[in-house]
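The values are calculated or read from the model by the stated rules, or taken from the named source; none is laboratory data. Small disclaimer: the values here were computed from a predicted structure and weren't measured. Cβ placement follows ideal geometry from the backbone for every residue including glycine, while neighbour counts extend to all protein chains displayed. Ligands, DNA and RNA are stripped out before the accessible areas are found, and what is left, the full protein with its side chains, is counted by its heavy atoms. Shrake-Rupley method; radii C 1.70, N 1.55, O 1.52, S 1.80 Å.
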Amino acid sequence: MSRQTNPLLRKRLLTASAAFALAALPPLFAFADDPVAFDQMVETGGWLCEEAPAKECIDHGWAYADRNGDDQLDRKELEALRSDMNAWADWRSDSLSGKDRTKLSIARSIANSLELDDLIQGYDEDDSGTITRDELLADIKVDQRPLPEILADKQATDWQAIGERLGPFGSLVGSLGAP
């Protein structure tokens, strides 16, 4: 795959980085610190998330993130996801435009600054110590539209609540394209 950035790939990269920052990630198979596996997730997730109903995008991301298949995200899975994203960002950053590198840098800063225990606590409504898909999507009304359309709809996505769940870094979400 070429490391040149075309507009469609750039859009997919931004969709994937924003999704991680929100903990609503797209994906399929996972290998720790493997930028190629994460890139494959981004490549498939990018077009899927832009065109398919949001549920398909979310299912794709969930399959990547939920490495033990228990339909919940725990601290270990979130750590692995963050590690994969960082390895991918290092691998991809030279092929991005300055603007896209800036957005990726902001997404990485948010992801790397989040205390995972605090993130889990912010979403974990049943005190299980994990995040379920329903808990993750508590502030997003999923319908048949593609996920980016839903995230851009202020009636379907409660960005204030998401920002509060992300704590002190929640205000940075707007810099990634949140309305």
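Worth a mention:
- Conditions (1) at negative phi; (2) at pLDDT 95 or above: number failed by Ser109: (2)
- In the range 109-123, the residues that are assigned to a loop (DSSP other than H, G, I, E, B) and either open to solvent by 30 Å² or more (accessible area, probe 1.4 Å) or within 16 Å of Arg67 (Cβ to Cβ) (or both): Glu115
- Of the residues Ala89, Ala37, Ala80, the single one that is touching a Lys or Arg at 6+ places or on another chain (Cβ under 8 Å), more than 30 Å from Asp127 (Cα to Cα) and in a helix (DSSP H, G or I) is Ala89.
- For the range 150-169, a residue qualifies if it is surrounded by 15 or more Cβ atoms within 10 Å (Cβ to Cβ) and assigned to a helix (DSSP H, G or I), and the qualifying residues are Ile150, Leu151, Trp159, Ile162, Gly163, Arg165, Gly167, Phe169.
- Residues considered: Leu96, Leu172. Of these, the only one that is at pLDDT below 85, out of contact with any helix residue (DSSP H, G or I) (no Cβ under 6 Å at 6 or more places or on another chain) and more than 22 Å from Asp59 (Cα to Cα) is Leu96.
- Residues located in the range 43-76, provided they are open to solvent by 60 Å² or more (accessible area, probe 1.4 Å), in a helix (DSSP H, G or I) and more than 18 Å from Leu116 (Cα to Cα): Trp47, Glu51, Lys55, Glu56
- Here Glu79 clears all of (1) open to solvent by 20 Å² or more (accessible area, probe 1.4 Å); (2) under 24 Å from Pro146 (Cα atoms) except the condition numbered (2).
- The set of residues in the range 124-136 being open to solvent by 30 Å² or more (accessible area, probe 1.4 Å) and either closer than 22 Å to Pro53 by Cα or within 15 Å of the chain's Cα centre (by Cα) (or both) consists of Thr132, Arg133, Asp134.
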